[in-house]
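The values are calculated or read from the model by the stated rules, or taken from the named source; none is laboratory data. From a predicted model like this one, the values you see are computed outputs, not experimental measurements. Because the Cβ atoms are built from the backbone with ideal geometry, glycine has one as well, and the counts that use them run over all protein chains shown. Heads up: the accessible areas ignore ligands, DNA and RNA and are worked out on the full protein's heavy atoms, side chains in. Shrake-Rupley method; radii C 1.70, N 1.55, O 1.52, S 1.80 Å.
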Amino acid sequence: AIIFNSYLQNISSVDFPKILTICKYAEEKKIIICIDGSYGTSKMFEYENLKLAAYISDNITKTPIVIVHGGSCNVIKAMLLALDKKNVWLDTSFSLPYYIGSSIEIDFAFALKKMKAEKILYGSDHPYIDLDKSLSTHYNFFNKYKFNEKEIEKIMYLNSIDLFSVQ
């Protein structure tokens with residue numbers, strides 16, 4: 001896989017055509033495209049990860065595009081993009097545990113349920129979040145929002161198998 005992180009790579013909208021060229025090569029080589037979906041820091045208004053994800057997904061349709069961190073506090077917008085584009089996926093790394101106890105936790109539950117647990121991937125973000133804490137946070141979240149065993153199994157394991165079989 002290849003990942004783009006607008007904050008770290010200073011990717012602004014003027015750079016999108018260059019990024020698209022790289023993504024077209026990735027699509028040709030069947031390389032999964034990941035776009036950091038986190039949101040924060042003083043750069044949050046200068047570098048818009050979801051805007052990049054939308055731009056790429058309008059042009060790349062054959063290879064999976066994973067919005068890493070599920071769009072963070074913009075999880076609803078990320079969900080809407082994933083519902084619109086059959087090749088856009090979300091992962092839960094960092095964001096789901098980070099927003100536990102906030103209104104965004106409810107947004108994550110809504111998004112994951114709305115997507116019927118399809119195209120949702122568990123992400124630990126280890127070592128930034130302790131693996132055991134990440135797992136327990138996710139399972140507590142699933143219990144709290146009444147995800148069934150099949151939905152949990154999809155998110156925690158089966159969807160990752162599907163992601164790589166899309167190739």
query: Taking the range 6-37 as the search range and keeping residues that are in contact with a helix residue (DSSP H, G or I) (Cβ under 8 Å, 6 or more places away or on another chain), part of a loop (DSSP other than H, G, I, E, B) and touching a residue at least 40 places away in the same chain (Cβ under 8 Å), which one is farthest from Leu121 (Cα to Cα)?
result: Ile11
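Looking for whichever is modelled with pLDDT of 95 or more, closer than 22 Å to Ile106 by Cβ, of a type outside the set (Asp, Glu) and out of contact with any strand residue (DSSP E or B) (no Cβ under 7 Å at 6 or more places or on another chain) here; the options are Lys85, Lys77. Which one fits? Steps first, please.
Details: Lys85 fails: closer than 22 Å to Ile106 by Cβ.
Matching residue, one of Lys85, Lys77: Lys77.
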- request: Can you work out which of the residues in the range 111-167 that are under 17 Å from the mean Cα position of the chain (by Cα) and at positive phi is surrounded by the fewest Cβ atoms within 10 Å (Cβ to Cβ)?
  value: Lys116
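Take the conditions open to solvent by 20 Å² or more (accessible area, probe 1.4 Å), under 23 Å from Lys30 (Cβ atoms), of a type in the set (Gly, Ala, Ser) and without any contact (Cβ under 8 Å) to a residue 60 or more places away in the chain and apply them to Ser102. Does it pass? Steps first, please.
Details: open to solvent by 20 Å² or more (accessible area, probe 1.4 Å): yes; under 23 Å from Lys30 (Cβ atoms): no; of a type in the set (Gly, Ala, Ser): yes; without any contact (Cβ under 8 Å) to a residue 60 or more places away in the chain: yes.
It is false that Ser102 is open to solvent by 20 Å² or more (accessible area, probe 1.4 Å), under 23 Å from Lys30 (Cβ atoms), of a type in the set (Gly, Ala, Ser) and without any contact (Cβ under 8 Å) to a residue 60 or more places away in the chain.
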message: Just the residues that are farther than 15 Å from His69 by Cα, basic (Lys, Arg) and either in contact with a Phe, Trp or Tyr (Cβ under 6 Å, 6 or more places away or on another chain) or not in a helix (DSSP H, G or I) (or both), please, taken from the range 115-143.
response: Lys116
- request: Keeping to the range 46-72, report how many residues are at pLDDT below 95, surrounded by 18 or more Cβ atoms within 10 Å (Cβ to Cβ) and either more than 11 Å from the chain's Cα centre (by Cα) or among the charged types (D, E, K, R) (or both).
  value: 2
